[in-house]
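Readers should treat all values here as calculations from the given coordinates under stated rules, not as data from a laboratory. Small disclaimer: the values here were computed from a predicted structure and weren't measured. Backbone-built Cβ (ideal geometry, glycine too); neighbour counts: all protein chains shown.
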Amino acid sequence: MKKFAALLLLTMLLSGCGSGYTWGWYVISPSLEKGRENLFFLASGLGYTLAVALCAILLSVILGLVMALTALSPNRLLRTASRICIEVLRSVPMLVMVLWAYYGLPIVFGISLNAFTAGVIALALCDSAFEAEIFRAGIQSVDKGQHEAASALGLNTFDKMRYIIMPQAIRRVLPPLGNQFVYMLKTSSLLSVIGLTELTRRANELIVTEYRPLEIYSFLVLEYLALILVASWLVRRLERRMAVGEHAYAAT
């Protein structure tokens, strides 16, 4: 919150700088009825921003875990297919994937998707390659002795991964997974190009009618900053709870 307050103060101080620009904060002033309407309009895109980020990160985590497990499979064909998918998806820019999912799928495959669905799929596909690498590194970081102990207990591959390996790997990959969620919150702004009315799209629409881009984009920066700070705080809190659980598990 200190960072948020500092940036807000800095933004307000800029209004007094001698740059020759006449600031028009009235456009988003909460003391004016029109300003309150504009603020409500800008904030109305928050729902789509959160929904896109949550749906995309959930789907990408599932896809990433599948690709990570296939990449570690003893089957050479599965390992090769997984590596190809990861490299291809990691090489395509997210904006290009968003545009192709929205405009390309109806033409090539006859699949018409709305902006929300196309955006979620595009972001999830691109992010899944990074999630796969995160999961792969986390699984491989588990000591080999844990694998040997699980085999000595007579656990099959599925039970070994479920009860022994994955609980340890998830604790280790939680920080980078949290970072990916924060990253997804920011990249959701790309969906403004296909008409999804998230935060950035709302700001662009208001600029068309108010003609005050600098003030509106400054407020957009504060919106994303507040959102990211809250998300980062939640991730850190979850990390601490997982760490406590890991210490308690180790003590037993």
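Could you tally the net charge around Ala71, taking each other residue with its Cβ under 15 Å from the Cβ of Ala71, Lys/Arg +1 and Asp/Glu -1?
So the surrounding residues net to +2.
How do the peptides 87-97, 128-138, 160-170 rank, highest first, by the average count of neighbouring beta carbon atoms within 10 Å per residue?
128-138, 160-170, 87-97
With Rg and the Kirkwood Rh both taken from Cα atoms, where does Rg over Rh land for segment 46-251?
When Rh is taken as the Kirkwood radius, the ratio is 1.06.
Which of Leu32, Leu63 has the fewest other C-beta atoms within 10 Å, and how do the rest follow up to the most?
Ascending number of Cβ neighbours within 10 Å: Leu32, Leu63.
Using the membrane-span-like helix rule (whole DSSP H runs, Cα extent along the own axis of at least 27 Å, mean Kyte-Doolittle hydropathy at least 0.5), which helices of the chain qualify? Can you show the working numbers first?
Values: long enough: 46-71 (36 Å, 2.35); 115-141 (39 Å, 1.01); 166-187 (29 Å, 0.10); 213-251 (56 Å, 0.72).
Helices meeting the criterion: 46-71, 115-141, 213-251.
Kindly provide the pair-distance distribution of segment 126-219 built from C-alpha pairs, with 10 Å bins from 0 and whole-percent values in order of increasing distance.
All Cα pairs considered, the percentages come to 14, 29, 19, 15, 12, 8, 2.
With charges only on Cβ, +1 for K and R and -1 for D and E, what is the dipole size of the chain about its Cα centre, in debye, rounded to 20?
Values: 22 positive and 16 negative charges, 114 e Å.
Here the size comes out at about 540 debye.
So how many Lys-Lys pairs in the chain land under 30 Å Cα to Cα, not counting same-chain pairs under 8 apart?
6
Select from Leu177, Leu227, Leu113 the residue whose mean-square fluctuation is largest in a Gaussian network model of the chain (Cα-Cα springs shorter than 10 Å).
Highest fluctuation of the listed residues: Leu113.
How large is Rg/Rh for segment 46-110, to two decimals, with Cα atoms and a Kirkwood Rh?
Ratio of gyration radius to Kirkwood radius: 1.07.
Roughly how many Å is it from the Cα centre of segment 161-228 to that of segment 75-117, as a whole number?
The distance from the Cα centre of segment 161-228 to that of segment 75-117 comes to 21 Å.
Which ordering of Phe219, Phe116 is given by a fewest-first count of other beta-carbon atoms within 10 Å?
Ordered from fewest to most neighbouring Cβ atoms within 10 Å, Phe219, Phe116 come out as Phe116, Phe219.
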